[in-house]
Amino acid sequence: MFFQHVYDKTLAQASYFIGCQKAGVAAVIDPKRDVDTYLEIARQNNMTITHVLETHIHADFLSGSRELAALTGAKLYLSDEGGPGWEYEFDHVGLRDGNSFMVGNLKIETFHTPGHTPESISFLLTDTPASAEPVMLFTGDFVFVGDIGRPDLLEKAAGISGTSDAGAHQMYKSIGRFSKLPDHIQVWPGHGAGSACGKALGAVPSTTVGYEKIRNWAFRFSNDEQGFIRFLLEDQPEPPKYFAMMKKLNKVDRPLMTAVPKPKALSNHEMMEAMGRGVKLIDARNKTEFAKGYVPGSINIQGNNSFATWAGWLLNYEEQFMLLADESMLDDLSRKLMRIGLDNIMGYVASTKEYTDQGGQLDTVPVIDIETFKSQLDEPNIQVVDLRNATEFKSGHIKGAEHVFVGTLLDNLDKVSKNKKVMIHCQGGDRATIGYSLLAREGYTNVLNYSASMNEWLALGNAVEF
């Protein structure tokens, strides 16, 4: 058997390439949308991709299953569980609980494991030449390392009311079924630490059934279903805004993108004309560079591992946008964007040089240190805004700070004063710079950025309240 774990650290998303070397055929489980990765693995190992599998209708990334099938001729093997409203709306081989099929000498059995979503399935793999016993379970968003999938995404992200409690009850039953599997089976989940599909995912890539029974919190409630449900639903992080669109696009017959896009270079004139029409300019430079000088009206989303998540919070799927990024970053940024379906890249500019050469004036971010921040906390005309998520805020915040999560800042501008001096912060500074750029774009001229944020505040022993 051939096996390769493919991990996208930007979305904390795992996919899997499994193959039968004797037959020269392979399956890919939960592929990301830039599918050239799998084509290259197949080429290097002289294999043909014949099967493409999905564990469920994904909410956190745009699946590349149909792109991969279009390029290889592979068949799609997808869940037909979940009932009305949970059907994939394009051709596929429908799978139900207990169905099995072969990929060369590899046997794959379908387990219906609802809870995260009603149609969720897991795949149990047996390497038949080696043993009659199953060796791997691909769980998708069912069981993670140290955690389990959240059932509230459908309600919070997609607006499907009443699904949280029902999903939690289903998850409890699915966990009971999982606990009956042999301890030796390897568990390969769909996500790792940093994913919003759970609240305490482990950082190691895999685990075993036996180890999860010992260390995963979900198995402490084997005789307490209500306690399990309460713990599962409390303190889940805010699901990114783009999750609702992913649920839709992963279910319907959408246009395909079988290659990584190559954004075109824009002149300064084209950039300024587009900004004049309201097209957003996303400045992907480091927050420090941005603070030293940025094009007025641009939005800072650093091109790091969180780039796609914040782009998904702040960009509209129907609107064009532009990038300010060095040419060397474009392939990486384009991949990150296409993985969540943000395909409307109008083009890019490589730097601010042409803008300034043609007389444009850059704005700067007023970054303040902790002494300046502390000296003004008790002034009467001050507002302190904490841009972290709700769980972080509840775990300890600066006295008097008001909470406005940066992902929903544009929907809550009424909570940020234009008549007071506003000091913003987050945990490490990245979100504070995003927030500053959003507020400046909306006409705020009274904002100071305490960029060192809570990391420095806590490191220096300053008090917080709860």
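Quick notes on this structure:
- Qualifying residue in region 395-411 (condition: surrounded by 13 or more Cβ atoms within 10 Å (Cβ to Cβ), aromatic (Phe, Trp, Tyr), at pLDDT 95 or above and assigned to a helix (DSSP H, G or I)): no
- Region 7-37 - residue that is touching a helix residue (DSSP H, G or I) at 6+ places or on another chain (Cβ under 6 Å) and free of Cβ contacts under 8 Å to residues at least 40 places away in the same chain and, of those, nearest to residue 105 (Cα to Cα): 17
- Restricting the search to strands (runs of 3 or more DSSP E) fully inside region 86-158 and requiring at least 1 residues that are in the same structural domain as residue 60 (by TED's automatic domain parsing) and surrounded by fewer than 20 Cβ atoms within 10 Å (Cβ to Cβ) gives 93-95, 100-103, 106-112, 121-127.
- Helices (runs of 4 or more DSSP H) completely within region 320-386 that count 1 or more residues being of a type outside the set (Asp, Glu) and within 27 Å of residue 66 (Cβ to Cβ): 330-338
- Complete set of residues in region 198-225 that are assigned to a helix (DSSP H, G or I) and either touching a residue at least 60 places away in the same chain (Cβ under 8 Å) or not basic (Lys, Arg) (or both): 209, 210, 211, 212, 214, 215, 217, 218, 219, 221, 225
- Condition broken by residue 307, with the remaining ones in (1) in contact with a Phe, Trp or Tyr (Cβ under 9 Å, 6 or more places away or on another chain); (2) buried (at least 16 other Cβ atoms within 10 Å of the Cβ); (3) closer than 30 Å to residue 198 by Cβ; (4) modelled with pLDDT of 95 or more satisfied: (1)
- Residue match in region 195-212 (condition: modelled with pLDDT under 95, hydrophobic (A, V, I, L, M, F, W, C) and farther than 25 Å from residue 154 by Cβ): yes
- Among the criteria (1) at pLDDT below 95; (2) touching an Asp or Glu at 6+ places or on another chain (Cβ under 8 Å), the one residue 58 does not fulfil is (1).
- Qualifying residue in region 48-55 (condition: in contact with a Gly (Cβ under 7 Å, 6 or more places away or on another chain) and surrounded by fewer than 24 Cβ atoms within 10 Å (Cβ to Cβ)): yes
- First in region 419-443 and at negative phi and assigned to a helix (DSSP H, G or I), second anywhere and among the basic types (Lys, Arg) and crowded, with 24+ Cβ neighbours inside 10 Å, Cβ under 8 Å, 6 or more apart: 430/287; 433/287
- Single condition residue 179 does not satisfy, out of (1) in contact with a Lys or Arg (Cβ under 8 Å, 6 or more places away or on another chain); (2) free of Cβ contacts under 8 Å to residues at least 12 places away in the same chain: (2)
- Residue count for region 180-190 satisfying the condition of being crowded, with 16+ Cβ neighbours inside 10 Å, part of a loop (DSSP other than H, G, I, E, B) and either in contact with a helix residue (DSSP H, G or I) (Cβ under 7 Å, 6 or more places away or on another chain) or not assigned by TED's automatic domain parsing to the domain that holds residue 109 (or both): 2.
- Residue 212 surrounded by fewer than 18 Cβ atoms within 10 Å (Cβ to Cβ) and either hydrophobic (A, V, I, L, M, F, W, C) or out of contact with any Pro (no Cβ under 8 Å at 6 or more places or on another chain) (or both): no
- Residue 453 vs. criteria in contact with a strand residue (DSSP E or B) (Cβ under 6 Å, 6 or more places away or on another chain), closer than 23 Å to residue 235 by Cα and in contact (Cβ under 8 Å) with a residue 24 or more places away in the chain: yes
- Residue identified as assigned to a loop (DSSP other than H, G, I, E, B), in contact (Cβ under 8 Å) with a residue 12 or more places away in the chain and within 21 Å of the chain's Cα centre (by Cα) among 244, 193: 193
- Options 55, 72, 48, 110: the member that is of a type outside the set (Asp, Glu) and within 21 Å of residue 340 (Cβ to Cβ): 55
- Scan of region 70-110 for residues that are small (Gly, Ala, Ser) and more than 21 Å from residue 125 (Cα to Cα), ordered by number: 70, 73, 82, 83, 85
- Among the residues examined, residue 403 does not qualify as closer than 20 Å to residue 289 by Cα and either assigned by TED's automatic domain parsing to the domain that holds residue 306 or under 23 Å from the mean Cα position of the chain (by Cα) (or both).
- Entry remark, region 44-76: residues being out of contact with any helix residue (DSSP H, G or I) (no Cβ under 9 Å at 6 or more places or on another chain) and either outside the structural domain of residue 245 (by TED's automatic domain parsing) or not in a loop (DSSP other than H, G, I, E, B) (or both) number 7 in total.
Yes/no matrix, rows are residues, columns are (1) at pLDDT below 95; (2) over 14 Å from residue 209 (Cβ atoms):
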residue	(1), (2)
114	no, yes
124	no, no
135	no, no
140	no, yes
145	no, no
157	yes, yes
165	yes, yes
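The values are calculated or read from the model by the stated rules, or taken from the named source; none is laboratory data. Just so it is clear, the structure is predicted and the values come from calculations on it, not from any experiment. Positions of Cβ are generated from backbone atoms using ideal geometry, with glycine treated the same way; all protein chains shown enter the neighbour counts.
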